[in-house]
Every structure is written in C-alpha cells, then in structure tokens.
Amino acid sequence: MRFNHTRQPLMLSGLRDLFAHPPEGGEAPYAGVICDVWGVLHDGVAPYPGTPDALIRLRQHAGPVILLSNAPRPSESIIPQLTRFGYHSGPEGHFDRIITSGDATRAAIASGAYGNVLLHIGPERDMPLLEGLEIERASIHDSQFALCTGLFDDERETPVDYNDLLRELLARKLPMLCANPDNVVMRGGKMIYCAGAVARAYAAMGGAVTFFGKPYPGVYRLCLDALGEMLGRAARPERVLAIGDALSTDIAGGQAVNMPTLLVSGGIHQEELALGETGVNLPALKEACVKADVAPPSAVIPRCIW
C-alpha cells in the first residue's frame, strides 16, 4: 500500500487493513518495519492486548521488524523487560533486532569527543549505558559535559524542578547529551516526563544540547543499514513502515527520512486526539500535528492489533 502524505490519513481498525489491497505486479507493499516500543507494544507495566500476536503477523506480511526505542540504555538491557511482556526475537518471534537511543549515545561517549568526565542527570537504573567505558562521574564543577538520561524521580518530579541545576550548567557552559529525546511517556496510564523534556528546557535557556534517537536521522540510518543486512539489499525508506505513538519523535522521524508512518493514537496523544467509540477526532489530529510541526501521519490505528 502506498500512502499520500497530502491526503487525509487512512484510518485503520487493524494492521490487516494495510494489506487489504495488494499493489499490482506482485511486489510486497513493504520491505521492513521500524516499530516503537513503549506506547506501542506495552505501557511500561504490561503488553497491550492483542499486540504480540499482531506483531508476529505483521512480521510475516511486511518483512523484518526492527524495534526502535528511545530508551537511554543499550539495546540488550531492555530485552529482559520485553521477555517479561512476552516479546521474543528469532524465526518465529516478534522482532528481528532492537536499536536504542542509548546505543547511539554510548557510541558518541565512547568516541571521546565530549571528554571523559561527566555529570549524570537521571536514575541509577540507566547506568548500563556507561558500563565498560572509561568514563568518570563527577560533580557539576568537575565535569566536562552533562549526560541526561531522565529525571532522578520521574514519578514525582517535573522539568521545573531542574531549573536551578540547569542554570548552573549554563553558567559553566557545559554541553548536554540527551540519551532519550522523548518529552513524555505513558507508564501504566500515568504521564511520565523523560530526558527530552529536561534537555529542551536547557536548550530554551541557551544551553548546547545534542540529542540521540528519534526523530534524529542518525538512528534511522542505523535501522536502514540493519534492514539492508537482513534483506541482502539496500532498504528503500519509502518501503519501510515507521510505527509509533508520538508525533514529535516517531512520526516526525519517519517523515524526515521519507518513510510511510503509522500513528498509534491510543498512546501519549490519546486525550489530545479525543479518542472515542468513533475513533480519532480529525480536527484534533490536525491541530496536534500543527503543534508538533509535522505533517499528518500516513495512517492512524487506535492500537496495534491485527
């Protein structure tokens, strides 16, 4: 199926609708899928009903599936959580590979381009990001750069709680690396702030911030290269479906590299899009797209079910 970005998004009741009208000539509609994790496959507490089965079917119909997460940790560290939720890789599994913003951040830190002494902003659970690297954690006064992986206590804090710290960083002209560009995520139905919200607050003050992950093109290049390895040929972006629940990261990132995009409207935009029994409120969707500075997605689905 080919999407026209200038038309009204196609409203899907299930992923099967993507394959209702196969293109002429026998060519498969897709050569692969790049799929978000949190907000699409699970809510941080449990998998969404019907999604594991849908992902298996999607993989059978659309080719290799790469999970692309803005998790601020190496990809191997999120596999145990996916396993608990019933998601597995392998020939009969749900996905082929995982790539995270943490992978991209770790590579940048390992290059030594930012120095080897950092101030960490975020919870200790993100420390696998630095394991094995010749990096020293220090105070704000001794650091060469700041690494933001999230909020120290994301259940209670907001970016406003970091204003004093950010002003100190700015006074020392410390650059910041952001290992998770997401502003918010849903955790068991509750909105939680992420590293992106803190990093953008710092940028608004005039601080220098480098973001790793969606919607920035570097991480999509990693995904396309991985798909090319699996396919044995170059993966053309226009034949790779990008799925996600965030307009400003998943949809913007896919559009930036010319991929058809599928918005899962039951994620972080659920209230904003006025979901009801009839589905998405189209005027609300258009308004949300304007606010996020993205074109409307190619298609919309409430949840990833088959």
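Sorting check: for 189-200, 53-64, which peptide has the highest mean count of neighbouring beta carbons within 10 Å, and how do the rest follow?
Top to bottom by mean Cβ count within 10 Å: 189-200, 53-64.
Given the chain, what percent of its DSSP beta bridges are antiparallel, to the nearest 5?
That works out to approximately 15 percent antiparallel.
Please give the helix 51-62 orientation as an angle from the longest Cα principal axis of the chain, in degrees from 0 to 90, rounded to the nearest 10.
It is inclined by approximately 70 degrees.
Just one of [x] 33, 21, 17; [y] 48, 32, 17; [z] 47, 23, 16 is semi-axes √(5λ) of the Cα gyration tensor in Å as worked out from the coordinates here. Which one is it?
[x]
Below 24 Å, Cα to Cα, which lysines can residue 190 reach? Residues fewer than 8 away in the same chain don't count.
Result set, ordered by chain and number: 214, 291.
Please identify the longest segment of the chain free of exposed GluC sites (Glu not before Pro), where exposed means a DSSP state other than H, G, I, E or B and no more than 11 other Cβ atoms within 10 Å.
Here the longest run is 156-270.
Excluding residue 231 itself, calculate the net charge of residues whose Cβ lies under 13 Å from the Cβ of residue 231, where each Lys or Arg counts +1 and each Asp or Glu counts -1.
With Lys, Arg at +1 and Asp, Glu at -1, the net is +1.
In degrees between 0 and 90, to the nearest 10, how far off the longest principal axis of the chain does helix 195-205 point, with axes built from Cα atoms?
Tilt of helix 195-205: around 60 degrees.
Given the -39500 (n - 2.57) contribution per DSSP H run of 4+ residues, what per-residue ellipticity at 222 nm results for the chain, rounded to the nearest 500 deg cm²/dmol?
-7500 deg cm²/dmol
Which percent of the accessible heavy-atom area of the chain goes to carbon and sulfur, probe 1.4 angstrom?
Looking at the chain in its full context, I get 52 percent from C and S.
What is the distance in Å between the Cα centroid of the stretch 170-239 and that of the stretch 107-155?
The two parts, judged by their Cα centres, are 16 Å apart.
In degrees between 0 and 90, to the nearest 10, how far off the longest principal axis of the chain does helix 101-110 point, with axes built from Cα atoms?
40 degrees
Just to be sure I understand the model, the point goes 7 Å from the Cα along the line to the Cβ. What's the resulting residue 290 to residue 170 distance in nm?
3.0 nm
Have a look at the DSSP beta bridges in the stretch 4-154 and tell me what percent are antiparallel, nearest 5.
For the stretch 4-154, the DSSP antiparallel bridge percentage is about 5.
Just the number please: accessible area per residue for the chain, 1.4 Å probe, all protein chains included, in Å².
Spelled out: the 1.4 Å probe surface of the chain, per residue, equals 44 Å².
Looking at the stretch 140-273, send over the antiparallel percent of its DSSP beta bridges, to the nearest 5.
30 percent
With the dipole of the chain worked out from charges on the C-beta (+1 for Lys and Arg, -1 for Asp and Glu) around the Cα centre, which of 9, 209, 252 lies farthest toward the positive end?
The listed residue farthest towards the positive side: 9.
So if each residue of separation counts as 0.36 nm, and I subtract the Cα-Cα distance between residue 271 and residue 258, what length gain in nm does that give?
The span from residue 271 to residue 258 would gain 1.9 nm if fully extended.
Under a point-charge model restricted to the Cβ atoms of Lys and Arg (+1) and Asp and Glu (-1), what is the dipole moment magnitude of the chain relative to its Cα centre, in debye to the nearest 20?
Around 580 debye, computed over the chain.
Build a GNM of the chain with springs between Cα atoms under 10 Å: which of 146, 208, 104 gets the top mean-square fluctuation?
Fluctuation is largest for 208.
The values are calculated or read from the model by the stated rules, or taken from the named source; none is laboratory data. These numbers come from a predicted model, not from an experiment. Here Cβ is always computed from backbone atoms with ideal geometry, including for glycine, and neighbour counts include all displayed protein chains. Note: areas computed on protein heavy atoms with side chains; ligands, DNA, RNA excluded. Shrake-Rupley method; radii C 1.70, N 1.55, O 1.52, S 1.80 Å.
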